[in-house]
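Below is one structure, written out as structure tokens, with a few remarks after it.
The values are calculated or read from the model by the stated rules, or taken from the named source; none is laboratory data. Just so it is clear, the model here is predicted, and its values are computed rather than measured. We place every Cβ from the backbone using ideal geometry, glycine too, and count neighbours over all the protein chains shown. To get the accessible areas, we keep the full protein, side chains included, count just its heavy atoms, and leave off ligands, DNA and RNA. Shrake-Rupley method; radii C 1.70, N 1.55, O 1.52, S 1.80 Å.
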Amino acid sequence: MSRADLLRPDAAPAAAATDRPEAPRDRRSLALEAATYVSAALATVVATVAGLQLWRADLRVPFQYQGDAIAVSAHIKTVLETGWYEFQPLLGFPAGQTYHDFPTADNLNFVFAHVLGWFTSDWAVALNAYYLLGFPLAALAGVWFLREAGLTRSMSAVLAALFALAPYHFTRGESHLWLASYFTLPLAMVVVLRALRGEPLWGGGRGPRFVRLLTGRGASTVVCLALVATASSYYAVFVLILLAAAGAGAWLRDRRAARFLGAAGAGVVAVVVVLLNMLPDILYTRAHGESAAGFVRDPAEVEIYALKLAQLLLPVPGHRVPVLAALRQRYDSTYPLISEQPALGAVAAAGFVAAMLVVAYTLVLRGRRDALLLPEQVRRSTAIAHLSMLTFVAFLWSTVGGLATFLSFVTASLRGWNRMSIVIALLCLAVIGLVLDAAVARLGRWARARGLRPSVRRAVAWCLAGGVLLVGCADQVTPGAVPRYEETTAAFDADARWIGQVEDALPDDAAVFQLPYLAFPETVPGTEQLRAYLHSPTLRWSGGAIKGRATTDWSRGVAELDPTEMVDDLVAAGFSGVLLDRVAYGDGAAEVEAGLAQAAGPAVTQSEDGRYVLFSLVDEAEAAAADTPAADLETLRESVVEPVTVYPGTGSAAVELSDGTQGWAVAAGGSSLVLENPRDEPVEVRVTAQVAAPTAGSVAFEAGERTWTVGTGSGAGALDVALTVPPGRSELVVRPDGGAEGVVLGDLRVAEADLPALRR
């Protein structure tokens with residue numbers, strides 16, 4: 001039978017049914033099939049324990065305790081404390097941390113965290129348990145995909161373990177735990193593979209037509225896609241891309257639109273599930289307006305975080321063989337766009353090379369009949385061709401300057417296209433597995449012709465599989481995969497002792513203002529602020545508020561005040577202490593610290609390493625309550641935590657000026673700045689700014705029906721106007737005279753006229 005005969009529309013179902021060798025038909029086969037899954041999981045567990053040297057770990061301490069791992073830890077802790085992750089009242093005080101402004105559809109991870117909370121109240125234990133659980137789960141899911149792709153049991157078990165132990169898994173770690181938990185990906189890829197083979201994705205059950213569609217094969221389609229769409233937006237999009245390619249390929253090959261329509265219906269399921277997961281965020285945005293900066297990304301990052309062919313094929317970073325480690329280090333330190341250092345590992349890289357050769361072979365020799373091949377060989381070569389085509393599509397989308405760049409013209413929400421590497425790894429492991437199975441089959445025919453027993457042939461197959469596993473593990477699980485247990489434990493315990501001192505120095509449930517102001521999320525310094533929250537079940541912190549709203553960005557303005565004014569505002573806002581991070585402040589720490597000591601008294605305690613220092617505002621709060629009318633304190637509190645705030649509007653953008661301060665660049669044809677008033681009544685404010693222009697001229701400012709003109713004279717002018725800002729969002733329109741370019745507003749401030757009088 002030729003490949004062309006095999007792929008005829010009327011032959012496709014039969015071919016699909018025989019794509020998987022050794023299909024289980026009796027109890028013995030079922031037992032062997034179950035043993036395949038168990039073997040893959042056990043091999044993965046053993047390799048994980050050895051690779052991570054888990055005997056050195058303290059599960060009460062996170063494996064990673066810096067960067068994004070801190071934010072993930074805060075998510076887990078929030079789920080254990082509140083039941084879900086969307087709102088944490090202990091962060092972003094007083095408004096609280098509301099994650100609706102940083103939308104995500106990765107809810108399956110939070111479901112797992114919630115379930116782990118049934119067994120432990122320790123967030124670090126839950127975090128580590130979920131990370132470790134991801135290894136055997138990925139192996140189990142990988143076995144199903146590889147068996148569906150046509151691999152033998154021995155090769156499926158081994159390569160599923162290598163998939164679970166992919167370099168990607170260790171690179172992501174707990175810092176990108178949702179991405180490291182990719183165990184739902186192989187399930188969805190089974191649907192993609194079925195679509196490309198032309199198998200029906202729907203129906204197979206009994207009852208009315210609609211019920212039949214959603215039972216049998218339809219049920220597995222819905223479950224697989226719903227799981228991946230609930231686990232990761234990235235993986236859902238990757239699967240949608242490959243599903244579209246598979247459906248289109250099957251349609252063109254078989255000349256049957258039903259092939260594409262079935263795949264399209266599966267894609268609709270994935271999209272709907274993603275939207276359902278994001279529905280709370282969508283409804284929140286509709287009710288409160290879109291955040292100005294909560295989820296903003298530069299389209300150029302789509303190429304910065306893409307992947308390159310060389311990265312996939314080069315050795316894993318930190319390889320245990322010094323020469324290979326040095327080669328990768330040379331590349332990553334010399335060549336641009338290292339992205340997130342994607343790598344396939346040697347086994348999957350061999351599969352990638354084979355897949356590209358198959359694509360080239362198919363393009364050059366398409367239509368050639370394989371009359372001399374056995375049906376088993378035709379089935380295997382067809383499966384390799386299918387997997388190679390999907391690999392090629394995945395690479396085209398994720399490489400630098402690939403198809404994802406065109407998508408960035410529409411949206412840059414998904415920027416990390418290098419993360420397609422785990423999809424490519426799965427496909428390439430399947431390709432190399434089929435190639436090795438073909439080699440074993442050829443060897444088996446040679447051995448059978450010479451009268452060797454089947455048990456000998458099976459032993460050879462398992463020895464080959466075992467060799468692949470050993471080589472793959474040695475290549476993929478590098479010494480760098482071992483967490484820095486002792487170092488992390490020391491830092492974790494020191495922070496725990498320090499926050500214990502803070503709790504002892506302040507009243508129960510006290511609110512602590514953190515200096516300096518650090519934007520959150522997606523900034524490493526901002527994430528570091530959450531360390532304090534991780535060690536206290538009661539204290540409330542100003543850090544961790546999602547940037548982009550007046551009620552969360554207010555702390556930026558307070559942090560810029562003179563220490564005396566800052567203390568007055570913080571007391572009115574309900575804070576009992578100020579925690580200053582000397583390292584984050586850098587050279588300016590001493591000046592701010594001296595000002596706080598003068599305004600609030602000497603520091604009451606500092607951390608062991610001298611990085612953090614705490615000032616108490618308890619006495620100042622008592623004095624303010626005794627000396628200031630309650631109504632004035634409430635007015636000041638409202639002005640502090642609900643200020644009128646400026647955000648970029650049409651044609652304007654925040655820029656960093658030469659003196660390190662923030663300015664606003666204005667488009668030549670006119671721009672607008674957004675004034676957000678979070679209160680229910682109009683607010684009288686004074687707007688001041690330095691207007692800089694490369695040439696003399698004028699700049700007009702419009703708010704409602706009022707207009708002001710500022711002459712730039714020798715290139716600079718000053719804006720100083722009084723405005724009444726209505727509730728919600730309004731615009732301050734900026735129009736340079738004659739379309740002048742290069743206009744920048746510096747030192748832009750919005751202040752309430754009566755605010756100074758309310759301070760002590």
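Here are the numbers:
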| item | result |
| --- | --- |
| For the chain, the longest site-free run once chymotrypsin sites (Phe, Trp or Tyr not before Pro) in DSSP loop states with at most 13 other Cβ atoms within 10 Å are removed | 410-760 |
| DSSP loop GluC sites (Glu not before Pro) with at most 14 other Cβ within 10 Å: longest gap in the chain | 291-559 |
| FRET efficiency for residue 609 and residue 718, using Cβ-Cβ distance with R0 set to 41 Å, rounded to 0.05 | 0.35 |
| Segment residue 50-residue 293, length gained on full extension (0.36 nm per residue, minus Cα span) | 83.2 nm |
| Evaluated over region 98-204, the Cα radius of gyration and Dmax, each in Å | 16.2, 49 |
| Value of Rg/Rh across region 412-546 [Cα atoms, Kirkwood radius] | 1.31 |
| Rounded, prolate or oblate (a/c below 1.5 giving rounded, otherwise prolate when a/b exceeds b/c) for region 143-202 by Cα gyration tensor | oblate |
| Gyration tensor verdict on region 256-331 (Cα atoms; rounded if a/c is under 1.5, prolate if a/b is larger than b/c, oblate otherwise) | oblate |
| Selected from 239, 716, 36, residue furthest toward positive end of dipole (the chain; charges at beta carbon) | 36 |
| Cβ-placed point charges (K, R +1; D, E -1), dipole of region 271-315 about Cα centre in debye, nearest 20 | 100 debye |
| Under 15 Å, Cβ to Cβ, from residue 352 - net charge with Lys/Arg +1 and Asp/Glu -1 | 0 |
| q = 0.10, 0.11, 0.12 Å⁻¹, region 579-730: log10 I(q)/I(0) [Debye, one scatterer per Cα] | -0.60, -0.70, -0.81 |
| Rounded FRET efficiency, nearest 0.05, which uses the C-beta distance separating residue 504 from residue 661 and R0 of 45 Å | 0.75 |
| Degrees between helix 233-254 axis and first principal axis of the chain (Cα, 0 to 90, nearest 10) | 40 degrees |
| Rounded accessible area of residue 706 (nearest 10 Å², 1.4 Å probe) | 120 Å² |
| Positive-pole candidate from 333, 361, 289, dipole of region 286-369, charges at beta carbon | 361 |
| Fraction in percent of alpha-carbon pairs per bin - 5 Å, region 637-679 | 6, 21, 20, 18, 19, 12, 5, 1 |
| Förster radius 60 Å - calculated FRET efficiency between residue 357 and residue 283, Cβ distance, rounded to 0.05 | 0.75 |
| Residue among 667, 639, 618 farthest towards the positive dipole end of region 573-684, charges placed on Cβ | 667 |
| Among beta bridges that DSSP assigns inside the chain, antiparallel share in %, nearest 5 | 90 percent |
| 17 Å cut-off, amide nitrogen to a point 7 angstrom out along residue 654 Cα→Cβ, residues in region 540-565 | 543-561 |
| Cα-projected label distance for residue 268 with residue 320, points at 7 Å along beta-carbon direction, nm | 5.1 nm |
| Region 76-122: Cα Rg divided by the 2.2 N^0.38 Å rule of thumb | 1.17 |
| As computed over region 226-293, the Cα convex hull volume per residue (Å³) | 99 Å³ |
| On Cα atoms only, tilt of 563-573 relative to the major axis of the chain in degrees | 70 degrees |
| Label point at residue 114 placed 7 Å out along Cα→Cβ; residues across region 221-248 whose backbone nitrogen lies under 20 Å | 223-233 |
| Percent breakdown of C-alpha pair distances by 5 Å bin, ordered from the shortest bin, for region 276-371 | 2, 10, 13, 12, 11, 10, 10, 9, 10, 7, 3, 1, 0, 0 |
| Unit Cα scatterers, Debye sum, region 646-752: log10 I(q)/I(0) for q = 0.22 Å⁻¹ | -1.22 |
| Anisotropy class of region 539-644 from Cα gyration tensor, a/c 1.5 cut | oblate |
| Simple Cβ-charge dipole of the chain, Lys/Arg +1 and Asp/Glu -1, about Cα centre, in debye nearest 20 | 7380 debye |
| C-alpha long axis of helix 421-449 to longest principal axis of the chain, angle in ° | 10 degrees |
